[in-house]
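Worksheet: one structure, shown below.
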Amino acid sequence: MTKTTGVRIRVFLLFLGIGGAGVFTATVSAQSEGGRSYVGTAACRGCHETEHESFHSFAKKAHSFESIRKMRSRLTPAEFRGCLECHTTGYGRPGGFRSEGETPDLMNAGCEVCHGPGSRHVATAAANDIKGKLTREDCLPCHNKERIEAFNFKPMIYGGGH
């Protein structure tokens with residue numbers, strides 16, 4: 001593989017949680033955004049179990065790829081790619097979603113869509129290694145006026161997902 005397609009490496013992360021120690025394996029791209037790589041929402045669960053469960057139970061974006069999968073046959077390739085920008089994690093960015101086969105852990109709009117690539121935060125657990133306090137402006141790349149009027153939805157910051 002070339003650098004433009006991204007080299008995949010295996011990263012083993014150790015999480016210490018209420019249930020004891022467990023090993024989580026995530027596929028992280030060698031390409032990154034500001035020295036941070038996308039790790040997928042499952043990597044957040046070890047330390048943020050309540051938020052993770054709430055997100056997966058109540059946030060539509062946690063299952064967002066399914067909606068465009070259902071519509072795919074009625075979309076042009078360009079329309080489908082446009083949907084990927086908001087319905088997956090990191091599409092069009094270094095180390096982000098590329099395809100269902102290559103990056104299945106980034107297939108839905110997960111934690112890193114709003115909070116940014118999480119590899120450094122997962123490794124250090126430092127609050128300043130991830131975007132914590134979100135504002136309405138953080139939601140605007142996907143939840144902009146045009147899309148809100150077309151689909152009648154609100155940014156997650158007001159949606160109660162976690």
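Within the stretch 67-93, if we keep just the residues that are among the basic types (Lys, Arg) and without any contact (Cβ under 8 Å) to a residue 60 or more places away in the chain, the residue that is surrounded by the most Cβ atoms within 10 Å (Cβ to Cβ) turns out to be 69. Close contacts from the stretch 132-152, counting a first residue that is aliphatic (A, V, I, L, M) and a second that is at pLDDT below 75, with Cβ to Cβ under 6 Å and a gap of 6+ residues or different chains, come to 134/157. Residue 26 meets the conditions (1) buried (at least 16 other Cβ atoms within 10 Å of the Cβ); (2) on the phi < 0 side of the Ramachandran plot; (3) at pLDDT 90 or above; (4) in contact with an Asp or Glu (Cβ under 8 Å, 6 or more places away or on another chain) in every case but one. The failed one is (3). Please state which one of 62, 43 is touching a strand residue (DSSP E or B) at 6+ places or on another chain (Cβ under 6 Å) and of a type in the set (A, V, I, L, M, F, W, C). After applying the criteria, what remains is 43.
The values are calculated or read from the model by the stated rules, or taken from the named source; none is laboratory data. Source: prediction; values computed, not measured. Don't worry about glycine lacking a Cβ; one is built from the backbone with ideal geometry, like all the others, and counts go over all protein chains shown.
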